[in-house]
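Below: one structure in C-alpha cells.
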Amino acid sequence: MTDAPGPEQLGERRFASHNMIAVYPTVEAAREAVTRLERKGIEAGNIELLGAGAEGADEPQTNVEQRRADMAMTGKVGRRSAVGIVIGAVVGAVVVGLAALIADAIFDLPGPTGTVVGMGALGGALFGGFGGLFYGGATGLPVSDAWSETFEAVKEGQTAVAVHSQQADQVEDALDALRDTGATRLSKFGADGKLLD
C-alpha cells in the first residue's frame, strides 16, 4: 500500500494546538466528511479543505456542473423543509390545542370547547408548519467554506479534510465522526505539524 500524503504535501496552511486530517480519494467523499463534521457540531471555522479540492477552487465551473450542484442542494433543502412543515404543524397543533383546552377549562372561554380547541389547534398547526419550514430548510444548509469549496471544479487527485482546534475533545469528536467514511488516512497532528498517531 502506498503512503498517503502528509499535511505538508496536501498544502496544509495552518495548525492549532490539536489537529486531524482525513484523506479521501474523491471530492464527493470529502464533501460527505465535511457534512458529517458539521452535524457532529464541529465549528465551521475549524474545518479546512486541502489538496485537489482546494487547488481547484479558483477554476471556473461549467453551467452544467453548477446547475447540477444547485439542483442537488435545492432538492435536499426542499425535502428537509417538507419534513419540517409536517413535524412543525403536528407539534404546533398539539401544543396550542392543549393550551386552548386548559385555557377554556380555567377561564371558561365563550363558545363550545371543541371550537376553541379546534381553532387553537389550527392556529398552532399554521404557526408550527411555518416554523418547521424554515427550521427544516436552514438545518440542511452547510455553513463552512470547506463544504462549499467541494462543489468547485477540481483537479484529479486526493482531497483531504482537516480540523484545527484548541480543544482536544473537538478533534476526538471529528475522528469519531470520520472513522467509517472510507478515508485512506485518518491522523492526528500536533501544533508543530508532526504526526501523533
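From the list THR159, THR181, exactly one residue is modelled with pLDDT under 90, closer than 20 Å to VAL23 by Cβ and crowded, with 19+ Cβ neighbours inside 10 Å. Which is it?
Testing whether each residue is modelled with pLDDT under 90, closer than 20 Å to VAL23 by Cβ and crowded, with 19+ Cβ neighbours inside 10 Å leaves just THR159.
Can you name the residue in the range 162-178 that is assigned to a strand (DSSP E or B) and over 17 Å from the mean Cα position of the chain (by Cα) and is also surrounded by the fewest Cβ atoms within 10 Å (Cβ to Cβ) among such residues?
The selected residue is SER165.
The values are calculated or read from the model by the stated rules, or taken from the named source; none is laboratory data. As the structure is a prediction and not an experimental result, all values here were calculated from the model. A quick note on method: Cβ atoms are made from the backbone with ideal geometry, for glycine too, and the neighbour counts reach across all protein chains shown.
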